[in-house]
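Peer 1: First the structure, which I've put down as structure tokens, then a few questions once you've had a look.
The values are calculated or read from the model by the stated rules, or taken from the named source; none is laboratory data. As the structure is a computational prediction, the values presented were derived from the model and not from experiment. Neighbour counts are summed over all protein chains in view; Cβ atoms, including those assigned to glycine, are modelled from backbone coordinates with ideal geometry.
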Amino acid sequence: MKWRTKDIEVYETAKEYIDTALVPLIPFALEGDLQEVVRQGEYVDHLSAEMEREYKGRIVLLPPFTYLTSAKEDEQERLKRWESSIKESGIKHIVYVTSDYEWKACPVQETVIWLPAIPLHQLEEHTRRDILQANVRDIHKILTEKWEKTE
């Protein structure tokens, strides 16, 4: 389920089945290695969309948490507030997806999945889709383990 009116209407009626929020962590900067920042954001965006397609009915894809690369400590505190708000809504699991390795050390309570950014813009559509689907299959193991712990 995506962050769209039509999907959220379904979410509200089927909340008990949708126990996981997916939060893409998207970097923002207008200085430094801009191509790498954009590559990370683009990859996480595509990967999150593929995960949402694969787990529709179990996962709700929330809006991206866009953060300033130059203010990580402040952004970590802001992410903790997001996490608290999401948990208070009744969501049991939160999964953060990122291509920024520094988030692996973030002191959040929930799962941070890090995958290196792949330059998707250099790939043909079918190759891009195959790679994203392979990544989702790898992530499936992490999600299944997380879900089984609480069932």
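Peer 1: What number of residues within the stretch 117-151 satisfy the criterion of being within 15 Å of THR20 (Cα to Cα), more than 19 Å from the chain's Cα centre (by Cα) and without any contact (Cβ under 8 Å) to a residue 40 or more places away in the chain?
Peer 2: Of the residues in that region, 3 qualify.
Peer 1: If you don't mind, there's one more thing I want to ask. Please determine whether any residue of the stretch 105-113 is within 14 Å of ALA21 (Cα to Cα), surrounded by 12 or more Cβ atoms within 10 Å (Cβ to Cβ) and modelled with pLDDT of 90 or more.
Peer 2: yes
Peer 1: Here is a further query. What are the residues in the stretch 37-70 that are more than 22 Å from ASP130 (Cα to Cα), out of contact with any Ser or Thr (no Cβ under 9 Å at 6 or more places or on another chain) and not in a strand (DSSP E or B), if any?
Peer 2: Of everything in the stretch 37-70, those that are more than 22 Å from ASP130 (Cα to Cα), out of contact with any Ser or Thr (no Cβ under 9 Å at 6 or more places or on another chain) and not in a strand (DSSP E or B) turn out to be GLY57, LEU62, PRO63, THR69, SER70.
Peer 1: Shifting gears a bit: Among the residues of the stretch 93-107, count how many are within 15 Å of the chain's Cα centre (by Cα) and in a loop (DSSP other than H, G, I, E, B).
Peer 2: So the count comes out to 3.
Peer 1: Oh, and also: For GLU83, which of the numbered conditions (1) over 18 Å from VAL136 (Cβ atoms); (2) not in a helix (DSSP H, G or I) fails to hold?
Peer 2: Status for GLU83: all satisfied but (2).
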